[in-house]
Amino acid sequence: MNNYSDIQISILTKLLKSNGLKFSQAYPKEENIDSDLYNYHLQYLTKRGLVEKVDGLYQLTKQGRYAVQFFDSQGNYYPQFRLSVLMFVINQNNQILLQKRLRHPCMGDIGVPSGKIKPGETTVQAASRKLQEETGLKCDFKFVGTIRSIRHDSDGSLIEDPIFNIALGKTPIGQLQQETPFGLNFWTDFDTAIDYEKDNLACSKAHINIYKHLKDNKKITKFSHEETITLKGY
């Protein structure tokens, strides 16, 4: 269980999708509360070290960014270990589908779309659901492997420790939605995808190896990989 009130979750959810908001912008209008109560909860989160005010804008602290990894974009809570799916989708032009993240942690990183797997949901079911939610596309998937990605800041503090099931899909159908609340979506070649991955805060050698295998049309058999990553400039 999480230890946050509905109002606090609403505030954190707004901040996880931004790099800083004014007092009025972080106000959770959907909770139908007055400004004094909102300010009380905002200051509570500040005292707990989850939120800080910098140059007139409220933003998540490092501790706050760690905390919000347990929430999805709608404020639903998921405990550790977080199990997610990575969707490697290839179109008929042998291009890979990428997404630029619009939320913390690692806002701005560019990689394949991902999403949390719900309890009782298979990897393939989760991949099909999340692909349609995040991009508008439909695709048949197969489960090809698992990556555990232990991510630390440069000072050694743990940022996140997700487990990713890998789903591979080819020749999707539908119209790609270029921008959704989850990120910015686009097709590119594998060499460009590798360059993006190398520049990411959470650069993954495992992801690069998968790109290389797919570029060379090598068959991916089921695998299990664990890696420790030091985030760049987090």
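Every number in this text was worked out from the coordinates using simple rules, so none of it is lab data. The structure presented is a predicted model; accordingly, all values stated were derived computationally and were not measured. In this analysis, Cβ positions are derived from the backbone assuming ideal geometry, glycine residues included, and neighbour counts consider all displayed protein chains.
With θ set to phi - 60°, apply the Karplus curve 6.51 cos²θ - 1.76 cosθ + 1.60 along segment 95-108 and write out the HN-Hα couplings as whole Hz, x wherever there is a Gly or Pro.
10, 9, 7, 10, 9, 8, 5, 10, 8, 7, x, 6, 4, x
Give me LEU102, LEU45 sorted ascending by neighbouring Cβ count inside 10 Å, so fewest comes first. List each step's numbers first, then the result.
Working: LEU102 17, LEU45 23.
Lowest to highest Cβ neighbour count: LEU102, LEU45.
Taking neighbour counts of Cβ atoms within 10 Å as a proxy for exposure, in what order, fewest first, do ASP36, ASP6 appear?
Numbers: ASP36 7, ASP6 13.
Fewest-to-most Cβ neighbours within 10 Å comes out as ASP36, ASP6.
Specify, per residue and in Å³, the volume enclosed by the convex hull of the alpha carbon atoms belonging to segment 6-68.
So the per-residue hull volume is 73 Å³.
Output the 0 to 90 degree angle, nearest 10, between the alpha-carbon long axis of helix 205-215 and the longest principal axis computed from the alpha carbons of the chain.
Relative to the chain, helix 205-215 is tipped by roughly 40 degrees.
Among ASN76, GLY111, ILE96, whose Cα projects farthest towards the positive end of the dipole of the chain, with charges put on the beta-carbon of Lys, Arg (+1) and Asp, Glu (-1)?
Farthest along the dipole direction, towards plus: ILE96.
Can you compute 3J(HN,Hα) from phi for each residue in segment 136-145, using the Karplus curve 6.51 cos²θ - 1.76 cosθ + 1.60 with θ = phi - 60°, rounded to whole Hz and x for Gly and Pro?
The phi angles translate into x, 9, 10, 7, 8, 10, 9, 7, 10, x Hz.
Tilt of helix 190-199 relative to the longest C-alpha principal axis of the chain, in degrees (0 to 90, nearest 10)?
Result, in degrees: 30.
Show the residues, 5+ positions off or on another chain, whose built amide H is closer than 5 Å to the amide H of ARG148.
Distant-sequence amide H within range of ARG148: PHE164, HIS225, GLU226, GLU227.
For helix 6-16, what angle does its Cα long axis make with the longest principal axis of the chain, in degrees from 0 to 90 and rounded to 10?
Result, in degrees: 50.
Under 15 Å between alpha carbons, and skipping anything fewer than 8 positions from LYS29 in its own chain: which aspartates and glutamates qualify?
Those aspartates and glutamates meeting the cut-off are ASP6.
For TYR196, TYR211, TYR40, which order do you get if you count the other beta carbons within 10 Å of each Cβ and list the fewest first? All intermediate terms of the calculation are to be shown ahead of the outcome.
Details: TYR196 18, TYR211 22, TYR40 12.
Lowest count first: TYR40, TYR196, TYR211.
Please give, to one decimal in nm, the separation of the simple spin-label points placed at ASP72 and LYS29, each 7 Å out from Cα toward the Cβ.
2.5 nm
Return the subset of LYS17/LYS47; LYS116/LYS219; LYS22/LYS138; LYS47/LYS205; LYS198/LYS218; LYS138/LYS222 for which the Cα-Cα distance in this structure is over 31 Å, preserving the input order.
Working: LYS17/LYS47 21 Å; LYS116/LYS219 26 Å; LYS22/LYS138 38 Å; LYS47/LYS205 38 Å; LYS198/LYS218 21 Å; LYS138/LYS222 23 Å.
Table pairs above 31 Å Cα-Cα are LYS22/LYS138; LYS47/LYS205.
Out of the GluC sites (Glu not before Pro) in segment 27-61, which ones are loop residues according to DSSP with at most 10 other C-beta atoms within 10 Å? Show your work: numbers first, answer last.
Working: sites: GLU30, GLU31, GLU52; in loops: none.
The qualifying sites: there are none.
Hey, what number do you get for the chain at 222 nm if only DSSP H runs of n ≥ 4 count, each worth -39500 (n - 2.57), divided across all residues, to the nearest 500? Before the final figure, lay out each step's value.
Details: 6 runs with 65 residues, N = 234.
For the chain, the value works out to -8500 deg cm²/dmol.
Return the Cα extents of the chain along principal axes one, two and three, sorted largest first, each rounded to a whole Å.
Principal-axis extents of the Cα atoms in the chain, largest first: 59, 39, 34 Å.
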